[in-house]
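The values are calculated or read from the model by the stated rules, or taken from the named source; none is laboratory data. All values derive from a computational prediction rather than experimental measurement. Reconstructed Cβ throughout: ideal geometry from the backbone, glycine too, with neighbour counts over all protein chains shown. Ligands, DNA and RNA are stripped out before the accessible areas are found, and what is left, the full protein with its side chains, is counted by its heavy atoms. Shrake-Rupley method; radii C 1.70, N 1.55, O 1.52, S 1.80 Å.
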Amino acid sequence: MRSRNPKLTRREFGRLLGCASLTPMIPRLFASPPVGPIQFHNAAPANGLDFVLRNDARGRKYQVETVLGGIGVIDFDADGWPDLYCVNGAALPSLQKNDPKFFNRLYRNNRDGTFTDVTQTARVQGHGYEMGVAVGDYNNDGFEDLYVVGVHGNTLYRNNGDGTFTDVTQAAGVSGANSSGHRLWSVAAAWLDYDKDGHLDLIVSNYCDWTPGEDPVCGGLNDADRAYCHPDNYRAERMLLYHNNGDGTFTEVSAAAGLGKLFGKGMGISIADYDCDGFPDIFIANDNDRNLLIHNLGGGKLKEVGMEAAVAYNGDGRQISGMGSDFRDFDGDGLPDILMTGLRGETFELFRNNGKGGFDDASASSNLLGMSRPWSGWSCGFADFDNDGRLDIFVACGGLDTNEPQPNRVLRNVGGRFEDVSAGVGSDFAVSRVHRGAAFADFDNDGRIDVAVSSINGPVELWMNRSPMQHWLQLKLKGTRSNGSALGAKVICRGGQRTQLSFVANSMGYGCTSDSRVHFGLADERKVSLEIHWPSGTVQELKDVVCDQLLSVQEPPPQKPAKQ
């Protein structure tokens, strides 16, 4: 997690000399920033989102203090308006939520631009020092459930469908302990149907072996000299894979699925079918350890292929402080690519899917290499903020400690290369905080993607998208034979000017969950055709779909064979 600030390699130095990506770092004195094509305005806390992420740091420099901050989008009342769940820390060293200021918070979207805190009624205030959240309908009852991960304990909240949740962790068997009962430090989790049996399973990324009483002192014995320890001081932990038994319980199957010997210092998780074989694959960003790409072989078997696929390390063959990740098609070639953030002095990594079972380093050719170097990136995500049909990038930025606040970044996709347009996004966007989580949704259902961002010991931000209107289309898919959340479904959108690919996948960034609705920016297009590949294998086609609407689509029954 702690950046070593490595020197520029020859590869990086040559790229930096050949591009103009350093110029945005030079202050333009006496000039107002230009108004860009992407515009955001922070609506919190005036809209009722009054959450503050608290890490209880008091100078001891416990390792957990720097890496919390996951947030999640959940439509818990199924009214079609995205709600927001914010994960919080706890007291140290007890790891207990002994004060309401440490409660996780659930905010209901009032459908008028405001939110109401319904945490107490919903009974989802949490239990300990928590990190991230995953959202999915694991029991296919039509209501989204919450899986909250943290330090030495995870929690599964079943949505009762009446505005309340029930903690079913123990009965379901997903507490986050390993097979020997050792309690792990989990950072992120994702729902996916890895065996395509119609029930959502869970993948959990665990960080390192840590307890408050055994935390080493780094940097110096005096309080003023203490620093957060480098991840090399800690032992890596195994990932966890829980198989959904279809009866409300889960079985931990990491070893049986082929992941039993897989260790890492796991952070952000993202899901996509990178080789187009119909099975969802998993990317896990690791903190100063090799990244993991878990190839789904089918039949319930998985294999880690990060080295072979060339995503284990950055373009220089080095490991970095991998934090957040996303897994989407940024260049429009029909193949999902991988974005990963790192800390200041490193770079954000972009791996382009080459269609041959592997990836090519696209950090330099996309302009991310030099442009990202000054920033410490945590949560991140691809989204088409200006609805021009190309996926842009949002990165939540902030250093390790309170003396390293940074503003967030917006990187606009200009034909496969990115431009930092943050200076022109809005007058209030330049606020510097120790940002962590970022979750994406169209909170006001106006066809423009908004972003919620958490910051350590700071208020939550809700960046409402106020970019000029262009055409768009959003899809809410509901599985019948497939899992109810339709996670893993592939959607191809064809218009007159371009074809776009998207997956129903909500795990992205750093310990965060975004809206599972599929969004397409359409620019000037007014009608498109859709091809939906459901996880069950059913392929559904929709012709002449009119733009500027949220379309709900239910998986059709299998076609009966024609009579001979």
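Which residues, counting only those in region 407-421, are in contact (Cβ under 8 Å) with a residue 60 or more places away in the chain, open to solvent by less than 40 Å² (accessible area, probe 1.4 Å) and not in a loop (DSSP other than H, G, I, E, B)?
Passing the criteria: Val410, Asn413, Asp420.
Determine which member of the set Ser270, Ser321 is in contact with a strand residue (DSSP E or B) (Cβ under 7 Å, 6 or more places away or on another chain), among the polar types (S, T, N, Q) and under 25 Å from Asn139 (Cβ atoms).
Result of the check over Ser270, Ser321: Ser270.
Any residue in region 284-313 that's more than 24 Å from Gly377 (Cβ to Cβ) and open to solvent by 40 Å² or more (accessible area, probe 1.4 Å): show its pairings with residues that are at pLDDT 95 or above and not charged (D, E, K, R) at Cβ separation under 6 Å, as long as the two are six or more apart or on different chains.
That search, which allows pairs on different chains as well, returns Lys303/His295; Lys303/Leu297.
Out of all the residues in region 371-398, which are surrounded by fewer than 24 Cβ atoms within 10 Å (Cβ to Cβ) and touching a helix residue (DSSP H, G or I) at 6+ places or on another chain (Cβ under 9 Å)?
Arg373, Pro374
Please count how many residues of region 255-280 are within 22 Å of Gly342 (Cβ to Cβ), crowded, with 18+ Cβ neighbours inside 10 Å and among the hydrophobic types (A, V, I, L, M, F, W, C).
Here the count works out to 5.
Pull up region 437-460, narrow it to residues that are acidic (Asp, Glu) and under 18 Å from Val425 (Cα atoms), then point me to the one that is surrounded by the most Cβ atoms within 10 Å (Cβ to Cβ).
In this case the residue turns out to be Asp450.
Could we say that Val431 is farther than 30 Å from Gly89 by Cα, β-branched (Val, Ile, Thr), in contact (Cβ under 8 Å) with a residue 24 or more places away in the chain and open to solvent by 20 Å² or more (accessible area, probe 1.4 Å) here?
Here the answer is no, as Val431 does not meet what is asked.
Please tell me if Val518 is under 30 Å from Arg54 (Cα atoms) and at pLDDT 95 or above. Show your work before the answer.
Numbers: under 30 Å from Arg54 (Cα atoms): no; at pLDDT 95 or above: yes.
It is false that Val518 is under 30 Å from Arg54 (Cα atoms) and at pLDDT 95 or above.
Being under 22 Å from Arg60 (Cα atoms) and among the charged types (D, E, K, R) is the filter here, so list the residues in region 165-223 that pass it. Walk me through how you get there before you give the answer.
Taking region 165-223 as the starting set, the residues that turn out to be under 22 Å from Arg60 (Cα atoms) are 184-187, 207-223.
Answer for region 165-223, where residues must be under 22 Å from Arg60 (Cα atoms) and among the charged types (D, E, K, R): Asp209, Glu214, Asp215, Asp223.
Scan region 212-222 and tell me whether some residue there is under 24 Å from the mean Cα position of the chain (by Cα) and farther than 21 Å from Ser507 by Cα.
Checking region 212-222: not a single residue is under 24 Å from the mean Cα position of the chain (by Cα) and farther than 21 Å from Ser507 by Cα.
What pairs come up if the first residue lies in region 545-556 and is farther than 14 Å from Trp81 by Cα, the second is open to solvent by 60 Å² or more (accessible area, probe 1.4 Å) and assigned to a loop (DSSP other than H, G, I, E, B), and their beta carbons are under 6 Å apart, counting only those six or more places apart or on different chains?
Hits for this filter: Cys547/Arg526; Glu555/Thr480.
I'd like the full set of residues that are loosely packed, with under 15 Cβ neighbours inside 10 Å and either in a strand (DSSP E or B) or not small (Gly, Ala, Ser) (or both), limited to region 517-541.
Scanning region 517-541 gives Asp524, Arg526, Lys527, Ser529, Val539, Glu541.
State all residues of region 134-150 that are in a strand (DSSP E or B) and either open to solvent by 10 Å² or more (accessible area, probe 1.4 Å) or within 17 Å of Phe250 (Cβ to Cβ) (or both); if no residue qualifies, say none.
Matches in region 134-150: Ala134, Val135, Gly136, Asp145, Leu146, Tyr147, Val148, Val149.
Across region 107-125, what is the total count of residues that are open to solvent by 10 Å² or more (accessible area, probe 1.4 Å) and either under 25 Å from Leu200 (Cα atoms) or without any contact (Cβ under 8 Å) to a residue 24 or more places away in the chain (or both)?
The total comes to 5.
Looking at (1) crowded, with 24+ Cβ neighbours inside 10 Å; (2) closer than 14 Å to Ile203 by Cβ; (3) of a type in the set (D, E, K, R), which is the only condition Glu252 fails?
Glu252 satisfies all of (1) crowded, with 24+ Cβ neighbours inside 10 Å; (2) closer than 14 Å to Ile203 by Cβ; (3) of a type in the set (D, E, K, R) except (1).
Here are Ser455, Ser372, Ser422: which of them is hydroxyl-bearing (Ser, Thr, Tyr), within 30 Å of Arg226 (Cβ to Cβ) and at pLDDT 95 or above?
Ser455
Just to check your reading of the model, which residue among Arg226, Arg235 is out of contact with any His (no Cβ under 7 Å at 6 or more places or on another chain), open to solvent by 20 Å² or more (accessible area, probe 1.4 Å) and within 22 Å of Gln319 (Cβ to Cβ)?
Numbers: Arg226 fails: within 22 Å of Gln319 (Cβ to Cβ).
So the residue among Arg226, Arg235 that is out of contact with any His (no Cβ under 7 Å at 6 or more places or on another chain), open to solvent by 20 Å² or more (accessible area, probe 1.4 Å) and within 22 Å of Gln319 (Cβ to Cβ) is Arg235.
Of the residues that make up region 380-400, is at least one of a type in the set (D, E, K, R), within 28 Å of His41 (Cβ to Cβ), modelled with pLDDT under 95 and assigned to a loop (DSSP other than H, G, I, E, B)?
No, the conditions are met nowhere in region 380-400.
Would you confirm whether or not region 235-244 contains a residue that is outside any strand (DSSP E or B), small (Gly, Ala, Ser) and out of contact with any Ser or Thr (no Cβ under 7 Å at 6 or more places or on another chain)?
no
Checking the structure you have, find out if any residue of region 164-185 is at pLDDT 95 or above, open to solvent by 10 Å² or more (accessible area, probe 1.4 Å), of a type in the set (Val, Ile, Thr) and assigned to a loop (DSSP other than H, G, I, E, B).
Scanning region 164-185 turns up at least one residue that is at pLDDT 95 or above, open to solvent by 10 Å² or more (accessible area, probe 1.4 Å), of a type in the set (Val, Ile, Thr) and assigned to a loop (DSSP other than H, G, I, E, B).
Just checking, how many residues over region 251-265 are of a type in the set (A, V, I, L, M), touching a His at 6+ places or on another chain (Cβ under 9 Å) and not in a loop (DSSP other than H, G, I, E, B)?
Count: 2.
Does Gly248 count as part of a loop (DSSP other than H, G, I, E, B) and within 17 Å of Cys208 (Cα to Cα)? Spell out the reasoning first.
Numbers: part of a loop (DSSP other than H, G, I, E, B): yes; within 17 Å of Cys208 (Cα to Cα): no.
No; evaluated as a whole, the condition is false for this residue.
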